[in-house]
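The values are calculated or read from the model by the stated rules, or taken from the named source; none is laboratory data. These numbers were taken from a predicted model, which means no experiment stands behind them. With ideal geometry, Cβ positions are generated from the backbone for all residues, glycine too; neighbour counts draw on all protein chains shown. Remember, those area values only see protein heavy atoms, side chains included, never the ligands or the DNA or RNA. Shrake-Rupley method; radii C 1.70, N 1.55, O 1.52, S 1.80 Å.
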Amino acid sequence: MSWPDIEAFIAVAKQTRLTRAAERLGTSVPTLHRRISALETRIGVPLFVRTNRGHGLTEAGQRLLASAEAAQAAIGAFEQAAATARVLPEGTVRIAAPDAIVLYLLGPRTAALRGSAPHLVPEFLSSPSRARLLEREADIAVRLSDPGEDSLFARRMGTVRFGLYAPEGATSIHEATLTAEGVLQVPWIGWTENLSAIPAARSMEQLTSSSNKMAAANALPQQLALARALNAAILLPEFVAESENGLRRVAAAPWPLLEAPIWLVVNSEVRGSPTAEAIVCWIEDSLVTHFK
(Lines give C-alpha, C1' and ligand atoms only; values in the text may rest on other atoms or scores of the structure.)
Protein backbone atom coordinates (compact mmCIF):
# COMPACT_ATOMS: atom_id res chain seq x y z
CA MET A 1 0.00 0.00 0.00
CA SER A 2 1.19 3.50 -0.75
CA TRP A 3 1.50 6.44 1.62
CA PRO A 4 -0.87 8.64 -0.45
CA ASP A 5 -3.60 5.99 0.08
CA ILE A 6 -3.01 6.06 3.86
CA GLU A 7 -2.93 9.86 3.81
CA ALA A 8 -6.30 9.85 2.02
CA PHE A 9 -7.70 7.51 4.68
CA ILE A 10 -6.60 9.86 7.49
CA ALA A 11 -8.02 12.92 5.75
CA VAL A 12 -11.45 11.36 5.18
CA ALA A 13 -11.51 10.01 8.74
CA LYS A 14 -10.80 13.51 10.10
CA GLN A 15 -12.99 15.54 7.72
CA THR A 16 -15.82 12.94 7.32
CA ARG A 17 -16.74 14.34 3.91
CA LEU A 18 -14.87 13.64 0.68
CA THR A 19 -15.13 17.25 -0.55
CA ARG A 20 -13.50 18.66 2.59
CA ALA A 21 -10.85 15.93 2.63
CA ALA A 22 -10.05 16.53 -1.05
CA GLU A 23 -9.66 20.24 -0.35
CA ARG A 24 -7.39 19.46 2.56
CA LEU A 25 -5.12 17.32 0.40
CA GLY A 26 -5.32 19.53 -2.67
CA THR A 27 -6.75 16.78 -4.84
CA SER A 28 -10.07 15.86 -6.47
CA VAL A 29 -12.96 13.87 -5.00
CA PRO A 30 -12.70 11.12 -7.68
CA THR A 31 -8.97 10.70 -6.95
CA LEU A 32 -9.65 10.54 -3.24
CA HIS A 33 -12.41 7.96 -3.77
CA ARG A 34 -10.05 5.80 -5.86
CA ARG A 35 -7.37 5.92 -3.17
CA ILE A 36 -9.80 4.86 -0.44
CA SER A 37 -11.12 2.03 -2.60
CA ALA A 38 -7.55 0.86 -3.40
CA LEU A 39 -6.68 0.81 0.32
CA GLU A 40 -9.81 -1.11 1.26
CA THR A 41 -9.11 -3.63 -1.51
CA ARG A 42 -5.54 -4.07 -0.30
CA ILE A 43 -6.57 -4.55 3.33
CA GLY A 44 -9.62 -6.67 2.49
CA VAL A 45 -12.15 -4.88 4.72
CA PRO A 46 -14.24 -1.72 4.36
CA LEU A 47 -12.88 1.27 6.31
CA PHE A 48 -15.83 3.64 5.96
CA VAL A 49 -19.59 3.49 6.05
CA ARG A 50 -21.70 6.18 4.37
CA THR A 51 -24.06 8.02 6.76
CA ASN A 52 -26.13 11.19 6.75
CA ARG A 53 -23.14 12.95 8.33
CA GLY A 54 -20.71 11.79 5.70
CA HIS A 55 -18.15 8.98 5.86
CA GLY A 56 -17.95 7.33 9.26
CA LEU A 57 -15.28 4.82 10.28
CA THR A 58 -16.08 1.15 10.50
CA GLU A 59 -14.73 -0.83 13.44
CA ALA A 60 -11.73 -1.86 11.33
CA GLY A 61 -11.21 1.75 10.29
CA GLN A 62 -11.21 2.88 13.92
CA ARG A 63 -8.59 0.27 14.81
CA LEU A 64 -6.33 1.34 11.94
CA LEU A 65 -6.62 5.11 12.42
CA ALA A 66 -4.20 5.32 15.36
CA SER A 67 -1.54 3.40 13.43
CA ALA A 68 -2.08 5.58 10.38
CA GLU A 69 -1.69 8.75 12.45
CA ALA A 70 1.47 7.37 14.05
CA ALA A 71 2.86 6.73 10.55
CA GLN A 72 1.94 10.28 9.55
CA ALA A 73 3.76 11.70 12.58
CA ALA A 74 6.83 9.59 11.82
CA ILE A 75 6.92 10.78 8.22
CA GLY A 76 6.53 14.39 9.38
CA ALA A 77 9.45 13.96 11.80
CA PHE A 78 11.54 12.45 9.01
CA GLU A 79 10.76 15.34 6.66
CA GLN A 80 11.70 17.85 9.34
CA ALA A 81 14.97 16.05 10.06
CA ALA A 82 15.72 15.88 6.34
CA ALA A 83 15.14 19.62 5.99
CA THR A 84 17.44 20.28 8.94
CA ALA A 85 20.11 18.02 7.48
CA ARG A 86 20.10 20.04 4.28
CA VAL A 87 20.88 23.31 6.06
CA LEU A 88 23.27 22.22 8.79
CA PRO A 89 26.66 23.92 8.36
CA GLU A 90 29.34 21.40 7.52
CA GLY A 91 32.67 21.08 5.75
CA THR A 92 35.90 23.06 5.82
CA VAL A 93 35.92 26.86 5.69
CA ARG A 94 39.22 28.65 5.00
CA ILE A 95 39.55 31.80 7.12
CA ALA A 96 42.39 34.22 6.40
CA ALA A 97 43.07 36.39 9.45
CA PRO A 98 45.97 38.15 11.19
CA ASP A 99 47.80 36.02 13.73
CA ALA A 100 46.69 38.25 16.60
CA ILE A 101 43.01 37.93 15.65
CA VAL A 102 43.28 34.14 15.59
CA LEU A 103 45.42 33.80 18.72
CA TYR A 104 43.50 36.18 20.96
CA LEU A 105 39.94 36.39 19.62
CA LEU A 106 38.94 33.56 17.29
CA GLY A 107 41.09 30.67 18.50
CA PRO A 108 39.81 30.74 22.11
CA ARG A 109 36.22 30.58 20.79
CA THR A 110 36.57 27.66 18.39
CA ALA A 111 35.09 25.33 21.02
CA ALA A 112 31.89 27.40 20.94
CA LEU A 113 31.82 27.17 17.15
CA ARG A 114 32.32 23.42 17.16
CA GLY A 115 29.67 23.04 19.85
CA SER A 116 27.03 24.73 17.70
CA ALA A 117 28.26 23.28 14.38
CA PRO A 118 30.10 20.00 15.08
CA HIS A 119 30.49 19.16 11.38
CA LEU A 120 32.14 22.47 10.50
CA VAL A 121 35.95 22.66 10.37
CA PRO A 122 37.58 26.14 10.46
CA GLU A 123 40.93 26.30 8.67
CA PHE A 124 43.00 29.38 9.52
CA LEU A 125 45.44 31.01 7.09
CA SER A 126 47.99 33.75 7.81
CA SER A 127 48.63 36.79 5.61
CA PRO A 128 44.96 37.74 5.09
CA SER A 129 45.83 40.76 2.94
CA ARG A 130 47.48 38.48 0.38
CA ALA A 131 44.94 35.64 0.43
CA ARG A 132 43.02 35.85 -2.84
CA LEU A 133 39.36 35.18 -2.14
CA LEU A 134 38.31 35.31 -5.78
CA GLU A 135 40.72 32.45 -6.54
CA ARG A 136 39.27 30.60 -3.50
CA GLU A 137 42.55 30.61 -1.60
CA ALA A 138 40.28 31.58 1.29
CA ASP A 139 36.51 31.71 1.75
CA ILE A 140 36.39 34.43 4.41
CA ALA A 141 38.97 36.98 5.51
CA VAL A 142 39.46 39.39 8.40
CA ARG A 143 41.57 42.30 7.16
CA LEU A 144 43.12 45.42 8.64
CA SER A 145 43.39 47.04 5.23
CA ASP A 146 41.39 47.64 2.07
CA PRO A 147 38.78 44.85 1.85
CA GLY A 148 39.82 43.99 -1.70
CA GLU A 149 37.97 43.47 -4.95
CA ASP A 150 34.59 45.11 -5.52
CA SER A 151 32.99 41.75 -6.25
CA LEU A 152 33.65 40.60 -2.68
CA PHE A 153 31.18 41.26 0.13
CA ALA A 154 32.83 43.39 2.82
CA ARG A 155 31.55 44.70 6.13
CA ARG A 156 33.48 47.03 8.41
CA MET A 157 33.53 45.62 11.94
CA GLY A 158 35.07 48.64 13.66
CA THR A 159 38.48 50.11 14.41
CA VAL A 160 41.58 48.51 15.90
CA ARG A 161 43.61 50.84 18.11
CA PHE A 162 47.35 50.33 18.45
CA GLY A 163 49.61 51.66 21.19
CA LEU A 164 53.21 51.43 22.35
CA TYR A 165 53.69 48.94 25.16
CA ALA A 166 56.63 47.60 27.14
CA PRO A 167 57.22 45.13 29.99
CA GLU A 168 56.30 46.64 33.35
CA GLY A 169 59.89 46.21 34.52
CA ALA A 170 61.31 48.34 31.69
CA THR A 171 61.48 51.44 33.88
CA SER A 172 63.62 53.50 31.50
CA ILE A 173 61.03 53.10 28.74
CA HIS A 174 58.08 54.04 30.94
CA GLU A 175 59.94 57.12 32.26
CA ALA A 176 61.10 58.25 28.82
CA THR A 177 59.84 61.50 27.29
CA LEU A 178 59.54 62.69 23.73
CA THR A 179 62.35 64.79 22.31
CA ALA A 180 61.69 68.20 20.79
CA GLU A 181 61.42 66.42 17.42
CA GLY A 182 58.73 64.08 18.76
CA VAL A 183 61.02 61.04 18.88
CA LEU A 184 61.01 58.50 21.70
CA GLN A 185 64.53 57.32 22.47
CA VAL A 186 63.79 53.81 23.75
CA PRO A 187 64.77 50.28 22.69
CA TRP A 188 62.11 48.79 20.43
CA ILE A 189 61.14 45.77 18.34
CA GLY A 190 60.24 46.27 14.69
CA TRP A 191 59.06 44.45 11.59
CA THR A 192 61.28 42.75 9.06
CA GLU A 193 62.35 44.62 5.92
CA ASN A 194 59.79 42.96 3.65
CA LEU A 195 57.01 44.41 5.84
CA SER A 196 58.50 47.86 6.27
CA ALA A 197 55.69 49.47 4.26
CA ILE A 198 52.81 48.34 6.49
CA PRO A 199 51.22 51.07 8.68
CA ALA A 200 52.45 49.49 11.93
CA ALA A 201 56.05 49.50 10.74
CA ARG A 202 55.83 53.08 9.48
CA SER A 203 54.32 54.27 12.77
CA MET A 204 57.19 52.78 14.76
CA GLU A 205 59.79 54.24 12.39
CA GLN A 206 58.29 57.72 12.82
CA LEU A 207 58.12 57.53 16.61
CA THR A 208 61.46 55.91 17.43
CA SER A 209 65.08 56.14 16.41
CA SER A 210 66.49 53.46 14.11
CA SER A 211 69.62 53.32 16.25
CA ASN A 212 67.52 51.94 19.12
CA LYS A 213 66.00 49.10 17.12
CA MET A 214 66.85 45.91 19.03
CA ALA A 215 65.37 43.19 16.82
CA ALA A 216 62.69 42.49 14.22
CA ALA A 217 60.23 39.75 13.30
CA ASN A 218 57.56 39.19 10.67
CA ALA A 219 54.86 38.02 13.10
CA LEU A 220 53.46 39.49 16.29
CA PRO A 221 54.02 36.45 18.59
CA GLN A 222 57.76 36.54 17.79
CA GLN A 223 57.85 40.31 18.30
CA LEU A 224 56.19 39.92 21.68
CA ALA A 225 58.68 37.28 22.77
CA LEU A 226 61.57 39.53 21.70
CA ALA A 227 60.12 42.51 23.56
CA ARG A 228 59.95 40.51 26.77
CA ALA A 229 63.43 39.04 26.33
CA LEU A 230 65.06 42.38 25.50
CA ASN A 231 62.94 44.66 27.71
CA ALA A 232 61.99 46.64 24.64
CA ALA A 233 58.95 48.55 23.44
CA ILE A 234 56.53 47.08 20.92
CA LEU A 235 53.54 48.32 18.96
CA LEU A 236 50.49 46.22 19.87
CA PRO A 237 46.76 46.21 19.21
CA GLU A 238 44.92 47.20 22.36
CA PHE A 239 43.08 43.86 22.56
CA VAL A 240 46.40 41.97 22.55
CA ALA A 241 47.92 44.12 25.29
CA GLU A 242 44.84 43.65 27.45
CA SER A 243 45.22 39.87 27.13
CA GLU A 244 48.92 39.80 28.03
CA ASN A 245 50.16 39.98 31.61
CA GLY A 246 53.13 42.12 32.58
CA LEU A 247 52.74 44.79 29.89
CA ARG A 248 52.03 48.47 30.34
CA ARG A 249 51.33 51.21 27.85
CA VAL A 250 54.18 53.70 27.41
CA ALA A 251 52.77 56.98 28.69
CA ALA A 252 54.94 59.26 26.57
CA ALA A 253 53.80 57.73 23.28
CA PRO A 254 50.74 59.19 21.53
CA TRP A 255 47.49 57.27 22.09
CA PRO A 256 46.39 55.73 19.91
CA LEU A 257 49.59 55.61 17.92
CA LEU A 258 47.73 53.96 15.04
CA GLU A 259 44.12 53.21 14.14
CA ALA A 260 43.12 50.71 11.47
CA PRO A 261 39.69 49.66 10.17
CA ILE A 262 38.90 45.98 10.55
CA TRP A 263 36.96 44.34 7.72
CA LEU A 264 35.11 41.07 7.39
CA VAL A 265 35.31 39.95 3.75
CA VAL A 266 33.33 37.06 2.26
CA ASN A 267 33.73 35.39 -1.11
CA SER A 268 30.50 35.98 -3.03
CA GLU A 269 30.46 32.34 -4.16
CA VAL A 270 29.96 31.07 -0.60
CA ARG A 271 28.04 34.01 0.86
CA GLY A 272 24.57 33.02 2.02
CA SER A 273 25.32 29.33 2.41
CA PRO A 274 24.56 27.84 5.86
CA THR A 275 28.25 27.06 6.35
CA ALA A 276 29.49 30.54 5.48
CA GLU A 277 26.75 32.24 7.50
CA ALA A 278 27.62 30.14 10.57
CA ILE A 279 31.24 31.29 10.32
CA VAL A 280 30.29 34.92 9.67
CA CYS A 281 28.00 35.02 12.72
CA TRP A 282 30.68 33.38 14.85
CA ILE A 283 33.35 35.88 13.75
CA GLU A 284 31.02 38.82 14.35
CA ASP A 285 30.17 37.55 17.84
CA SER A 286 33.88 37.09 18.56
CA LEU A 287 34.85 40.59 17.44
CA VAL A 288 31.86 42.78 18.30
CA THR A 289 32.85 43.46 21.93
CA HIS A 290 36.40 44.51 20.97
CA PHE A 291 35.87 46.86 18.05
CA LYS A 292 33.39 49.69 17.65
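The order of K213, K14 by accessible area, most exposed first and with a 1.4 Å probe, is K14, K213.
Computed about the Cα centre, the dipole magnitude for the chain is approximately 1360 debye when only Lys and Arg (+1) and Asp and Glu (-1) carry charge, each at its Cβ.
Can you give the Kirkwood hydrodynamic radius for the chain, in Å, rounded to one decimal and based on Cα pairs?
Computed over Cα pairs of the chain, the Kirkwood hydrodynamic radius comes out at 24.3 Å.
Ignoring everything except DSSP H segments at least 4 long, calculate the 222 nm mean residue ellipticity for the chain; use -39,500 (n - 2.57) per segment, divide by total residues, nearest 500. Present the calculation step by step, with values, prior to reporting the outcome.
Details: 10 runs with 116 residues, N = 292.
My calculation for the chain gives -12000 deg cm²/dmol from helical runs alone.
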